[in-house]
Amino acid sequence: MILTRLIFECFEDTTLTAVERGISSLITELKYNGQIIGNEFPCLLKDGQFVTQALCPTEDALAYYNNNNAVNRALHALSDVGVLKPKIDILGQELHSDMSDPEHVPSWQILYTSYVQTCSPLRCGEHFAPIPLYRQPKLANGCYKQLINWQQDWQACDQLQMNGRSAEFAAVAEIGDHNSSLARRGRKLAKMLEENSGIATYYYLYRVGGENKKSEQQRRCPNCNGEWALPEAIHQVFDFKCDDCRLVSNLSWDYN
């Protein structure tokens, strides 16, 4: 990820409330188009300028050609509150986050996330690197809001099960059961991405527990009951892959 600073300047008298509303609207649309990553975007008033820092998937993430219609509307709306379009200051590589996938057309991709990751939830099947959402062909509604919301819900469940609290078993069911409410949403989104891009898009099912390693290795696809065990793990994560159902999973982490 690339650490970036957005600098907003006022060109006429305005109010803090109006400026905050305009900047927040733009940040929201950039987030839902995958151009900035994360949930917290502090804004600092310094020397008459408003400064926001954000993580971006690539150095050109905030370039005009990556915008969708909602982002462009939010940019134009800044003038209504007396604010110029932001100046972009690239600060450099952020060391604790993943680098984005090189720009190319992958042969397949995976909807995958975890509570420790700050990046796109879409990953290249070949490199296992995050794919910026704005590289996908533009959706009819021009917004990846549903996908970002799904990612946040998945990460919340993952955090709960890692913490081992009372909601652990319910959280594991949501991220590990192919027919859970969360999985149905995610698989629907994966299908949407595949139809939109023409690239085979798989959904990741988290796996923990099980009776023993031998029975785990003999697991069948939970959707079609077909063979899906791989002779060798992909990216040292995926031990199972069903091409018909577009599902991937791991050998239970208890025996991995």
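The values are calculated or read from the model by the stated rules, or taken from the named source; none is laboratory data. Keep in mind that what you see is a predicted model, and the values were worked out from it rather than measured. Heads up, the Cβs are rebuilt from the backbone with ideal geometry, glycines too, and the neighbour counts pull from every protein chain shown. Note: accessible area is taken over every heavy atom of the protein model, side chains too, but ligands, DNA and RNA are not part of it. Shrake-Rupley method; radii C 1.70, N 1.55, O 1.52, S 1.80 Å.
How many Å³ per residue does the convex hull of the Cα positions in the chain occupy? Walk me through the numbers before you get to the answer.
Working: hull volume 35.4 nm³, N = 256.
Spelled out: Cα convex hull of the chain, divided by residues, is 138 Å³.
May I ask you to rank Ser120, Ser24 by accessible area, largest first, using a 1.4 Å probe over the protein chains only?
Details: Ser120 10, Ser24 45 Å².
Of Ser120, Ser24, the descending order of accessible area is Ser24, Ser120.
Pulled fully out, how much extra length does the chain show between Leu91 and Leu44, if you take 0.36 nm times their separation in residues and subtract their Cα-Cα distance?
Details: separation 47, 0.36 × 47 = 16.92 nm, distance 1.63 nm.
My answer for the length gained is 15.3 nm.
Over the chain, with a Gaussian network built from C-alpha contacts below 10 Å, which listed residue (Asp60, Asp47, Asp101) shows the highest mean-square fluctuation?
Asp47
For the chain, modelled as a GNM with alpha-carbon contacts under 10 angstrom, which of Lys188, Lys145, Lys46 fluctuates the most?
Comparing Lys188, Lys145, Lys46 in a Gaussian network model of the chain, the most mobile one is Lys46.
Glu12 to Glu126: FRET efficiency via 1/(1 + (r/R0)^6), r the Cβ-Cβ distance, R0 51 Å, to the nearest 0.05?
On the way: r = 50 Å, r/R0 = 0.99.
The value I calculate is 0.50.
Put Glu211, Glu194 in order of accessible area, largest first, 1.4 Å probe: what do you get?
Working: Glu211 160, Glu194 50 Å².
Largest accessible area first, the list is Glu211, Glu194.
What is the distance in Å between the Cα centres of region 219-247 and region 83-98?
39
Convex hull over the alpha-carbon atoms of region 56-175: what's its volume per residue in Å³? If you can, show how the numbers build up before the last one.
Working: hull volume 18.7 nm³, N = 120.
About 156 Å³ per residue, rounded to a whole number.
May I ask you to rank Cys242, Cys224, Cys143 by accessible area, largest first, using a 1.4 Å probe over the protein chains only?
Cys224, Cys143, Cys242
Once you've got the GNM for the chain with C-alpha springs shorter than 10 Å, pick whichever of Ser107, Ser79, Ser215 has the biggest mean-square fluctuation.
Of Ser107, Ser79, Ser215, the Gaussian network model singles out Ser215 as fluctuating most.
Any idea how far the Cα center of region 106-157 sits from the one of region 8-27, in Å?
One Cα centre to the other: 30 Å.
What does the charge dipole of region 209-256 about its Cα centre add up to, to the nearest 20 debye, if the Cβ of each Lys and Arg holds +1 and the Cβ of each Asp and Glu holds -1?
Values: 6 positive and 8 negative charges, 11 e Å.
So the dipole magnitude of region 209-256 works out to roughly 60 debye.
Report the accessible area of Lys214, computed with a 1.4 Å probe over the heavy atoms of all protein chains in place, in Å² rounded to the nearest 10.
Surface accessible to solvent at Lys214 totals approximately 140 Å².
Out of the chymotrypsin sites (Phe, Trp or Tyr not before Pro) in region 207-256, which ones are loop residues according to DSSP with at most 16 other C-beta atoms within 10 Å? Provide the component values of the computation, followed by the final result.
Numbers: sites: Trp228, Phe238, Phe240, Trp253, Tyr255; in loops: Trp228, Trp253, Tyr255.
Listed in order of number, the matching sites are Trp253, Tyr255.
Counting only the heavy atoms of the protein chains, how much of Val116 is accessible to a 1.4 Å probe, in Å² to the nearest 10?
Estimated to the nearest 10 Å², Val116 gives 100 Å².
Points 7 angstrom from Cα along the Cβ direction at Ala173 and Thr118: gap in nanometres?
The answer from the label model is 3.3 nm.
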